[in-house]
Amino acid sequence: MKRRNIQQALMTAGLNRREFGKVMAAAGATLVATSPTARRAFAAPNLTVFEWSGYDDPTLCQEFVDKHGEPPNYAIFAEEEEAYQKLRAGFKVDMSHPCTLSVARWRDSGLLKPIDTSRVPRWNEIPSDMLGAKGIQHDGKIWMMPFDWGNSTIIYRDDELPNAAQSYNLLLDPALRGRVSIFDSVDEAFVIAAGILGYESHMDLSDDEMQKCAEVLRELHKNIRFYWGDPTALQQSIAAGEILAAWAWTDSYISLRWEEVPVKFMFPTEGLSTWMCGFVLNADGPGDENLAYEYLNATLDPNVGKVLIDEWGYGHANAQSYKISESDLAKELGLTDDLTKFLKGTRFQGEIVPEKREKMIEIFETVKLGG
């Protein structure tokens, strides 16, 4: 069975993208680990990468595997706060894969060292707009190499809502009382509220703007059936017709399309909300720094990007990847269009000043409790 067919079968069976990735990574890692030739010819790479579950997939660093016979050692985390606390407690790795939301916090805690871009031959193939995202550059130094990115937006049942407004305001429609769901995330909640209010960004709101966002979130709460944390549960509710409009990720849309659920992926007037993640070098990594730079460059291979685009529905940091993508669904999502133009129309999720973030968390938690 072709990899893409395996992916479709697994996803249709109810696995979300991260669960699917973990299965595929395990299969791929087994193939590498049990190769007698690789075991005889190569020693295990002296490199440990702190990774999301599912990204420990050899196809995402194929050049590295081809050269060293196997992927690096992986340590797995479930979410960034867990990774941050583990690193602060003294856990030693060479590289990590956080998102732009976390880089400044990790950097200011002394967990990172800057990246020497001259040691990454493919660096110039990263679009300048990506490098301009908050958290990547600071004090004239580079602290994260972009790798993958994805979008949050509204997906909706177009059979039930054929004339849906192409706007975040759809989520406030009184006709959708009890038929809406959004991700249980303070960042994404404020993206929605700030967009509805016409604010350019949610990342530097004044106290007055936060209170206005709170009013929007209270109105939105009236339509919420549940705040989702599990993409699979959300997808099942959309497929069953319980949820007609949801703030969701690209992989949920792809899964529903594979299941032939009539859903639309919205390109709202307020813009898609884009997260971006990448690799950082840990300050006290015990492994071989040369291998870390080899790994960075390997993950920028356009063929790695083709896997992310065609099989994961996510964007890649190398602009060349989009030229070799073959996925019609990826084209529908805009992943093969002019990337620079596309990114200019999105709302990046970046680092928020801790004091502001604490206020946003308090507002969001109060709203969820009905306050």
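Things to note:
- Only Lys, Arg, Asp and Glu carry charge here, each on its Cβ (+1 for the first two, -1 for the last two); on that basis the chain has a dipole of about 460 debye about its Cα centre.
- Overall Cα dimensions of the chain, principal axis frame, Å, largest first: 65, 48, 36
- Measuring from each cysteine beta-carbon in the chain, the ones with no other cysteine beta-carbon under 4.7 angstrom are 61, 213.
- Under the combined filter of DSSP loop state and at most 16 neighbouring Cβ atoms within 10 Å, segment 198-247 retains these GluC sites (Glu not before Pro): 200, 242.
- Couplings 3J(HN,Hα) for segment 138-155, derived from phi with the Karplus relation 6.51 cos²θ - 1.76 cosθ + 1.60 (θ = phi - 60°), are 7, 6, x, 10, 9, 10, 8, 9, x, 10, 10, 8, x, 10, 10, 7, 8, 10 Hz, where x marks Gly and Pro.
- Estimated [θ] at 222 nm from DSSP helical runs (n ≥ 4, -39500 (n - 2.57)) normalised by residues in the chain, nearest 500: -11500 deg cm²/dmol
- Here the label points at residue 225 and residue 365, each 7 Å from Cα along the C-beta direction, are separated by 2.8 nm in the simple model.
- In loop segments of segment 277-369 as defined by DSSP, the GluC sites (Glu not before Pro) with at most 15 further C-beta atoms inside 10 Å of their C-beta are 326.
- Phi to ³J(HN,Hα) by Karplus 6.51 cos²θ - 1.76 cosθ + 1.60 over segment 199-214, Hz, x for Gly, Pro: 6, 5, 8, 9, 8, 9, 7, 6, 4, 5, 5, 4, 5, 5, 4, 4
- Estimated distance in nm for a label pair at residue 131 and residue 209, the labels positioned 7 Å out from Cα along Cα-to-Cβ: 2.8
- Among 151, 163, 297, residue whose mean-square fluctuation peaks in a GNM of the chain (springs only between Cα atoms under 10 Å): 163
- Surface composition of segment 222-371: carbon plus sulfur atoms contribute 49% of the solvent-accessible area (1.4 Å probe, protein chains only, all chains present).
- Euclidean distance between Cα centres, segment 97-124 to segment 186-244, Å: 30
- Taking a Cβ cut-off of under 12 Å around residue 236, the surrounding Lys, Arg, Asp and Glu residues balance to a net charge of -3, with basic ones at +1 and acidic ones at -1.
- Full extension of the chain between residue 218 and residue 331 yields a length gain of 37.1 nm, computed as 0.36 nm times the residue separation minus the alpha carbon distance.
- What the pair-distance distribution of segment 38-123 shows, using all Cα-Cα distances binned every 5 Å from zero, is 3, 12, 20, 22, 20, 14, 6, 2, 0 percent.
- Rounded if a/c under 1.5, otherwise prolate or oblate - segment 158-284, Cα gyration tensor axes: oblate
- Put simply, the Cα atoms of segment 85-200 extend 54, 35, 26 Å along their principal axes, the longest span coming first.
- Helix 354-368 axis, angle to the chain major axis (alpha carbon atoms, nearest 10°): 50
- Accessible solvent surface per residue of the chain, calculated while the other protein chains remain in place, 1.4 angstrom probe, Å²: 42
- Using alpha-carbon coordinates, inclination of helix 289-299 to the longest axis of the chain, degrees: 50
- Spin-label pair residue 108/residue 63, simplified geometry with 7 Å Cα→Cβ offset, distance in nm: 3.5
- At full extension, residue 184 and residue 166 could sit 4.3 nm farther apart than now, given 0.36 nm per residue minus the alpha carbon distance.
- Tensor-based shape of segment 246-371 (alpha-carbon gyration tensor, a/c under 1.5 rounded, otherwise prolate or oblate): oblate
- Segment residue 197..residue 86, full-extension length gain: 36.2 nm, with 0.36 nm per residue of separation and the alpha-carbon distance subtracted.
- Percent carbon-and-sulfur accessible area, segment 89-175, ignoring ligands, DNA and RNA, probe 1.4 Å: 46
- Whole-number percent relative contact order across the chain, with pairs defined as alpha carbons under 8 Å at least 6 apart: 25
- Set of aspartates and glutamates near residue 141 by C-alpha distance (under 19 Å), chain-local residues within fewer than 8 positions excluded: 94, 108, 116, 125, 129, 284, 289, 351
- Accessible-area value, residue 56, 1.4 Å probe, nucleic acids and ligands omitted, Å²: 40
- Entries in 86/113; 86/306; 113/356; 67/331; 113/134 that, when Cα-Cα distance is taken, lie over 28 Å: 86/306; 67/331
- Annotation: amide H-H contacts under 5 Å for residue 51 (H modelled 1.01 Å from N, sequence separation of 5 or more, or interchain): 75, 76, 77.
- Karplus-derived HN-Hα couplings along segment 52-66 (A = 6.51, B = -1.76, C = 1.60, θ = phi - 60°), whole Hz, x at Gly and Pro: 5, 4, x, 8, 7, 10, x, 5, 8, 8, 4, 4, 5, 5, 4
The values are calculated or read from the model by the stated rules, or taken from the named source; none is laboratory data. All values derive from a computational prediction rather than experimental measurement. All Cβ positions, glycine included, derive from the backbone under ideal geometry; neighbour counts span all protein chains shown. The protein model used for the area step is the full one, side chains on, heavy atoms only, and it has no ligands, DNA or RNA in it. Shrake-Rupley method; radii C 1.70, N 1.55, O 1.52, S 1.80 Å.
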